[in-house]
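Data block below; observations after.
The values are calculated or read from the model by the stated rules, or taken from the named source; none is laboratory data. What you are looking at is a predicted structure, and each value in this text was computed from that prediction instead of being measured. When we count neighbours, we look across all protein chains shown, and the Cβ atoms used for this are built from the backbone with ideal geometry, even at glycine. Heavy atoms of the whole protein, side chains included, go into the accessibility calculation; ligands, DNA and RNA do not. Shrake-Rupley method; radii C 1.70, N 1.55, O 1.52, S 1.80 Å.
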Amino acid sequence: MNKNIRIIRPDDWHLHLRDGPILRAVLPETTQHFARALVMPNLLPPIINSQDAKSYRDAIIQAIPDGANFEPRMTFYLTEETDPDDLANAYNSGLIIAAKLYPAGVTTNSSWGVRNFEKVRTILDRMAEIGCPLCVHGEVTDPNVDIFDREAVFLDKILTPIITQTPGLRVVMEHITTKDAVDYVLAHNKYVAATITTHHLFINRNDILVGGIKPHYYCLPVAKREEHRVAICTAATGGDCRFFLGTDSAPHLDHHKETACGCAGCFTATNSMPLLAHIFEQENALSNLEGFSSRHGANFYGVPFNTGQLILEKKDTPVTFPKSLPTPQGEITVFDPGVKIYWQVKKMNET
Ligand code: DOR
Ligand code: ZN
């Protein structure tokens with residue numbers, strides 16, 4: 001028996017679109033389901049000021065497929081040299097809705113990121129004053145810290161000092177992967193929220209490594225033990241408004257992933273919504289899918305809910321998704337959850 005659910009059109013509060021031909025290839029995958037996305041600024045070179053954010057936003061708008069209704073929301077990439085006035089003007093004028101903090105060296109194109117957190121104190125104070133949220137890639141880069149512990153250590157060593165020194169700063173812990181991060185959010189107030197990706201709800205570290213290395217499951221933060229996957233799954237599906245969807249869909253060409261030193265990122269723009277329906281159904285929480293994908297994030301960022309709707313349908317037999325997305329520079333593998341999925345997007349109404 002087919003089953004339908006109808007939700008407010010979703011938003012993706014953490015998305016990598018890149019630029020040039022890759023942007024043009026991947027953007028339609030997002031616009032076919034999502035009404036808005038918070039676009040990450042880790043380009044080469046990164047989006048560090050108003051001028052960059054304006055031209056990047058224009059390039060994205062140019063690449064929106066004809067007839068699609070989609071709004072990119074922009075971020076600044078914080079550096080130790082970010083000009084607080086430029087940031088405040090960009091935020092107050094609506095050009096950006098957040099700034100992203102990458103500890104230097106933490107992930108793809110993060111070498112412009114922050115090395116000395118003291119150097120961004122005045123910027124963070126200014127952000128708290130104007131209400132601009134700080135999105136954080138919450139992992140330490142200390143080579144002595146095991147990669148599987150980097151998120152948990154970040155909470156104590158970096159995040160707690162930041163929010164203690166700058167009370168009132170609104171923080172989004174991006175793409176959380178640990179029970180520690182879930183508990184951290186729950187222990188704080190509405191100023192601390194977290195995004196959760198689609199892929200981290202499906203995979204644990206065994207999926208990456210057992211039976212042969214799976215480069216398309218490698219992303220950062222790297223997936224952790226099963227107990228952590230269960231914790232983020234419980235958080236995502238539990239209805240708490242501090243947890244919302246940020247897919248972290250991160251396109252990399254296959255030849256950059258299937259190599260001796262592969263890039264981090266899972267490309268989930270194509271099938272995130274059906275995969276989420278699968279997880280929420282499994283957790284007996286389909287009624288919370290709309291909150292997670294369409295309401296909690298909008299509330300956090302203070303924007304209205306989308307007016308369109310998405311109808312997801314459960315089929316009797318498993319559905320299939322494209323294995324990869326062609327681009328002029330090569331293929332980009334679509335995330336394969338490794339289990340049968342029965343959900344698909346039946347219809348998207350834009351208004
Ligand atoms: O897996 C990831 N890919 N994690 C990140 O933090 C960055 C992203 C990318 O830009 O490829
Ligand atoms: Zn990301």
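Tabulated values for the structure
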quantity: DSSP beta bridge pairing in region 3-349, given as percent antiparallel to the nearest 5; calculated: 40 percent
quantity: Sorted peptide list for 133-143, 170-180, criterion being average Cβ within 10 angstrom, highest first; calculated: 170-180, 133-143
quantity: Simple spin-label estimate for Val339 and Glu226 in nanometres, 7 Å along Cα-Cβ; calculated: 1.2 nm
quantity: Cross-link table Lys190/Lys340; Lys100/Lys190; Lys54/Lys119, entries beyond 30 Å C-alpha to C-alpha; calculated: Lys190/Lys340
quantity: Förster radius 30 Å - calculated FRET efficiency between Asn116 and Lys54, Cβ distance, rounded to 0.05; calculated: 0.55
quantity: Set Lys314/Lys347; Lys315/Lys346; Lys179/Lys323; Lys179/Lys214; Lys323/Lys346; Lys3/Lys347 screened for pairs whose C-alpha atoms are more than 21 Å apart; calculated: Lys179/Lys323; Lys179/Lys214
quantity: Computed label-point distance, nm, for sites Asn189 and Glu350 using a 7 Å Cα→Cβ extension; calculated: 4.1 nm
quantity: Percent carbon-and-sulfur accessible area, the chain, ignoring ligands, DNA and RNA, probe 1.4 Å; calculated: 49 percent
quantity: Neighbour cut-off at most 15 other Cβ (10 Å), DSSP loop, GluC sites (Glu not before Pro), region 287-351; calculated: Glu350
quantity: Surface per residue (accessible, 1.4 Å probe) for the chain, Å²; calculated: 41 Å²
quantity: Low-density loop cleavage sites - trypsin sites (Lys or Arg not before Pro) in region 291-331, where at most 15 other Cβ are within 10 Å (DSSP); calculated: Lys315, Lys323
quantity: Low-density loop positions, chymotrypsin sites (Phe, Trp or Tyr not before Pro), region 209-308 - DSSP coil, at most 15 other Cβ in 10 Å; calculated: Phe305
quantity: Local electrostatic count at Ile158 - Lys and Arg +1, Asp and Glu -1, tallied over other residues with Cβ under 11 Å; calculated: -2
quantity: Largest-first ellipsoid semi-axes for region 3-349, taking √(5λ) over the Cα gyration tensor eigenvalues, angstrom; calculated: 28, 23, 21
quantity: Helical mean residue ellipticity (222 nm; -39500 (n - 2.57) per DSSP H run of 4+; nearest 500) of the chain; calculated: -8500 deg cm²/dmol
quantity: Region 218-295-region 30-86 distance, computed between alpha-carbon centres (Å); calculated: 22 Å
quantity: Sites Asn206 and Asn89 - FRET efficiency at Förster radius 51 Å, r taken between beta-carbons, to 0.05; calculated: 0.60
quantity: Two-site label geometry, Val319 and Thr307: point separation in nm, points 7 Å out along Cα→Cβ; calculated: 2.6 nm
quantity: Under-5 Å amide H pairs with Ile96, H placed in peptide plane, nonlocal only; calculated: Tyr91
quantity: Computed lengthening from Thr259 to Asn109, 0.36 nm per intervening residue step minus Cα-Cα distance; calculated: 52.2 nm
